[in-house]
1. Solvent-accessible area per residue for the chain at a 1.4 Å probe radius, Å²?
2. Under a Cβ-Cβ cut-off of 11 Å, what is the net charge of the residues other than Asp150 that fall near it, where Lys and Arg count +1 and Asp and Glu count -1?
3. Hey, rough spin-label estimate for Lys203 and Arg109, points 7 angstrom out along Cα→Cβ, what's it come to in nanometres?
4. Output ³J(HN,Hα) for region 199-207: one whole-Hz value per residue in order, computed from phi by the Karplus curve 6.51 cos²θ - 1.76 cosθ + 1.60 with θ = phi - 60°, and x for Gly and Pro.
5. Between 0 and 90 degrees, rounded to the nearest ten: what's the tilt of helix 117-126 against the longest Cα principal axis of the chain?
6. Could you please report the charge total around Phe124, scoring K, R as +1 and D, E as -1 over all other residues with beta-carbon less than 9 angstrom from its beta-carbon?
7. For a label point 7 angstrom out from the Cα of Phe102 toward its Cβ, which stretches of region 153-187 have the backbone nitrogen within less than 15 Å?
8. Just how many pairs of Lys in the chain have C-alpha atoms closer than 22 Å, counting pairs that are eight or more places apart or on different chains?
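The values are calculated or read from the model by the stated rules, or taken from the named source; none is laboratory data. No experiment lies behind these values; they were computed from the predicted model shown. Counting neighbours? That spans all protein chains shown, and the Cβs are built from the backbone with ideal geometry, glycine included. These area figures cover heavy atoms from the full protein model, side chains too; ligands, DNA and RNA do not enter into them. Shrake-Rupley method; radii C 1.70, N 1.55, O 1.52, S 1.80 Å.
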Amino acid sequence: MPIKIALTKGRVEQQVVPLLEASGIDCSGIRNKGRRLIFDEDPVYETILVKGPDVLTYLNSGSVHLGIVGSDILAEQNNTQYAMLDLGVGRCRFVLASTGDFDPQQVRRKIIATKYPNITKRYFQSIGEDVEIIRIEGSVELAPLIGLADAIVDITETGTTLRENNLHVYAELQPVSTQLVVNRLALKQYQSEIRTLVENLQKAKLNLGVNE
Ligand code: PRP
């Protein structure tokens, strides 16, 4: 039976495929995927492509053994599986951002828009502030510009989206990077195979010059 990996499609997929290939995993199917979702070219590892938040759903159910997903999603979903290796790619950071006239000391209870309500709640709890949180699915940067919220909590990688929408960073929250996560039961069942994969990925990171 192959070892099954749920890989986050999109940006994570693009950055992780070179690492998987350098670890000796055949990713030719993923590179020419069309609309396929399951990739069984490699004799040992079968990869499925899913949206980030669904990685943990598959992993928790035991229908896949390994997941590759950003630490933003692990933190938001209160992950209980085992984050085994920081793959060092997909690096970005959580920030509190808003327009130039935002006053972080404003007396009125703040309204914060975000795709990450749990992370936002924890951050404001940690600084002892009570805020109203509005969950947004995407293009969160719009919220303070259109008057839906006072500020946003979101991830930023290059800073381009913030810059091009005239938004400023008011606080740095936590860093984000892509993680290899293992289902706890699978770790017992496939201990040696998973250890080998982790070693190969560590070597691949070194070979490709991925920084810690
Ligand atoms: C993410 C994030 C920012 C953007 C930041 O959105 O929510 O909008 O990337 O990247 P940058 O700092 O390099 O500009 P994503 O592209 O995932 O799309 P979304 O807004 O639809 O969620």
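1. Working: 11120 Å² over 212 residues.
It amounts to 52 Å² per residue over the chain.
2. Working: positive: Arg108, Arg109, Lys110; negative: Asp101, Asp103, Glu132.
Residues near Asp150 contribute 0 overall.
3. Here the answer is 5.7 nm between the modelled labels.
4. Rounded to whole hertz, the list is 4, 5, 5, 4, 5, 4, 4, 5, 4.
5. In the chain, helix 117-126 runs at an angle near 60 degrees to the longest axis.
6. Working: positive: Lys110, Lys121, Arg122; negative: Glu129, Asp130.
Result for the local shell: +1.
7. 153-157, 159-174
8. Close lysine pairs found across the chain: 12.
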